[in-house]
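One structure is given below, encoded as structure tokens.
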Amino acid sequence: MTRRGLTLVAAVALLDISLAFHNVWPTPLIRWGGEFSVECGLFLILIVSAQLWLGPLSRGAARWLTAGWIVLVIGHYADVTTPALYGRDINLYWDVRYMPDVAAMIARAAPLWLIVCVAAAIVLIFALLYVVFRWAIRRVASAAFDAKERAPIFMAGVMVVGLFTAQQFGTHFDAEPTFATPVVETYARQARLIAGALSASKTLPASPPMHADLTLVQGTDVFLVFMESYGAIAYERADMAPQLTAARANFNAAIRDTGRNVVSAFVESPTFGGSSWLAHISLMSGVEVRDPETNARLMTEQRETIATTFKRRGYRTVALMPGLRQAWPEGAFYGFDEIYGASRLDYGGPEFGWFAIPDQFSLAKFDALEAGQPSREPRLVFFPTISTHFPFIPTPPYQPDWTRLFDAHPYDGPAIVRAYAEQPDWSHFGPGYVQAIGYDYATLAGYLRQQQDRDLVMIVLGDHEPAAAVSGEGASWDVPVHVIASRPEILERLKTRGFRTGLTPERPSLGHMHTLLPTLLDAFSRRQDGTEESFLDAPARIRR
């Protein structure tokens, strides 16, 4: 084959591979597995036909074609890479608006040199893509005026499009090529998602019954702790679960030594790898919320929540939100009496991760702030943790002496040096994840020991699995849920609903997360006349 022939083959192969590659899980890298792109085949047909009909390709047309091709490549890259890194398909309508926030968090967590290098690499990659694809398009276009090159290029396009079309209509051959998902299909899916979000035609389901009397938790504080990124992998990943055995044993010992017991289960989160608020609102409202559209629409309505239910029974409802640094309209929807955001917690110690404040400090400062409250009603405390948030490192050291957490230097020198010496490994997040989960286990264990004479019920559950780069390919959406209490009747009632004794949940999961709310309310309640009442067994006419 002549040199000119080789350049033509290289140009066609480049255009095809650029729309037919796969992701190398769990990295941003790509590979080609021999698939073909129907868009490339269609392009070969159209470019030859257009050249013969309209004449040689102008520079302006080449620039527009190159820009359009890059758009297709970006769409294909997002389609194959996002599920590997994030654990779900991308939704441009909702995800794009959060990209500045994600970029800002990365900028705070990553060193400046890394940010500069990544930005420079992105600019260089786009410049290189433009040069390479412009050359490939112009080389293929030039083949239209060479009879020896025109026929094979045109026929290659016809074969690719013909075989792809035949497969779509169910015709298969003994030896046939495989095709990548068309990029236009990816963009069409995004267009449907946008149209569906803008139409807002979905009817929201009714709330579950919220007439719980809460007799079995009367007079005790109830903590609802959402542990960030706490997923089933903490129990089921062979490279992670054994490393958490000691930390879990310490947590279990704290439960037992303080006269409490625990039951556990799995539930399926409505989200994966992020968007924690979808899990929060699903559990707290009893309505499944899997997308921001449903979340936004639900908050425009007046709904009963776990907070309003507890408030109606004489509880003071408090949100402990160390990650909150801006207005939070959700607080009014939930019905909280008090919200402790980052500014009210006023943390002045060493910063850790994207949200700066260690979870141990948040709990200690919460008790200090609440000690000055004149009200002595029992409390419902909603606490989404932040120390287990991606990228997990640097992880705060656990401070056994809780009184030191308010000092200007709350940690010993060697402990803080070790913590700051560790930086996120952006290619392998597993060790950092294990370390962060272990820290929160230690924090909750320490808090239970600090409050060993206090009658409390603590619900600890994950909001979602960590991103797929951590949790692995094809991970489930299940998260653990633990209920810790010194009131055995509550735990026994939960065991009749599928919970198991101990900190280790068992399969199958109880169901979707929003169904956990009626289960908890049922476990906490009985009739006012002393006979038990089960909301889960209520007649269908009131279960809406």
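What follows draws every value from the coordinates through simple rules; no lab data is involved. Just so it is clear, the model here is predicted, and its values are computed rather than measured. Note that each Cβ is placed from the backbone with ideal geometry, even for glycine, and that neighbours are counted across all protein chains shown.
Extending 7 Å from Cα along the Cβ direction at Ala238 and again at Val184 yields two label points whose distance is 4.5 nm. Cα axis of helix 245-257 to longest principal axis of the chain: angle in degrees, 0 to 90, nearest 10? Long axis of 245-257 versus the principal axis of the chain: about 20 degrees. Charge tally around Glu149: other residues with Cβ under 12 Å, Lys/Arg +1 each, Asp/Glu -1 each, net +3. Say each of Thr300 and Ala253 gets a label point 7 Å from the Cα, pointing the same way as Cα to Cβ; how far apart are those two points in nm? Here the modelled spin labels are 5.4 nm apart. Out of the DSSP beta bridges found with both residues in the chain, what percent are antiparallel (nearest 5)? Around 45 percent of the beta bridges assigned by DSSP in the chain are antiparallel ones. Using only the alpha-carbon atoms, how far is helix 147-168 inclined from the longest principal axis of the chain? Give it as 0 to 90 degrees, nearest 10. Computed tilt is about 40 degrees.
What the Cβ-Cβ distance of Val118 and Ala206 gives, at R0 = 45 Å and to the nearest 0.05, is a FRET efficiency of 0.45. Estimated at 0.36 nm per residue, the fully extended path between Ser58 and Asp346 surpasses their Cα-Cα distance by 97.4 nm. Taking label positions 7 Å along the Cα-Cβ direction at both Glu489 and Thr504, the computed distance is 3.1 nm, reported to one decimal. Close amide H pairs (under 5 Å, H built 1.01 Å from N) link Val457 with Asp221, Val222, Phe223, residues at least 5 positions away or on another chain.
For the peptides 474-483, 225-234, 148-157, what is the packing order when you average, over each peptide's residues, the other Cβ atoms within 10 Å and list the highest mean first? Intermediate results must be reported in sequence, preceding the final value.
Working: 474-483: 21.6, 225-234: 26.0, 148-157: 16.5.
Descending mean neighbour count gives 225-234, 474-483, 148-157.
Compute the long axis of helix 183-199 from its Cα atoms, compare it with the longest principal axis of the Cα atoms of the chain, and write down the angle in degrees, 0 to 90, nearest 10. Here the helix axis deviates by roughly 40 degrees. Taking the number of Cβ atoms within 10 Å of each Cβ as an exposure proxy, the fewest-first ranking of Ile357, Ile281, Ile339 is Ile339, Ile357, Ile281. Normalising the average separation of contacting C-alpha pairs (under 8 angstrom, six or more residues apart) by the number of residues puts the relative contact order of the chain at 23 percent.
Which order do peptides 489-495, 319-325 fall in by mean Cβ count within 10 Å, highest first?
Averaged packing, sorted descending, gives the order 319-325, 489-495.
One decimal place: the segment Asp425-Arg31 gains 139.6 nm when fully extended, by the rule 0.36 nm per residue minus the C-alpha distance. In whole angstrom, segment 313-452 maps to an equivalent ellipsoid with semi-axes of 27, 18, 13, each derived as √(5λ) from the alpha carbon gyration tensor and ordered largest first.
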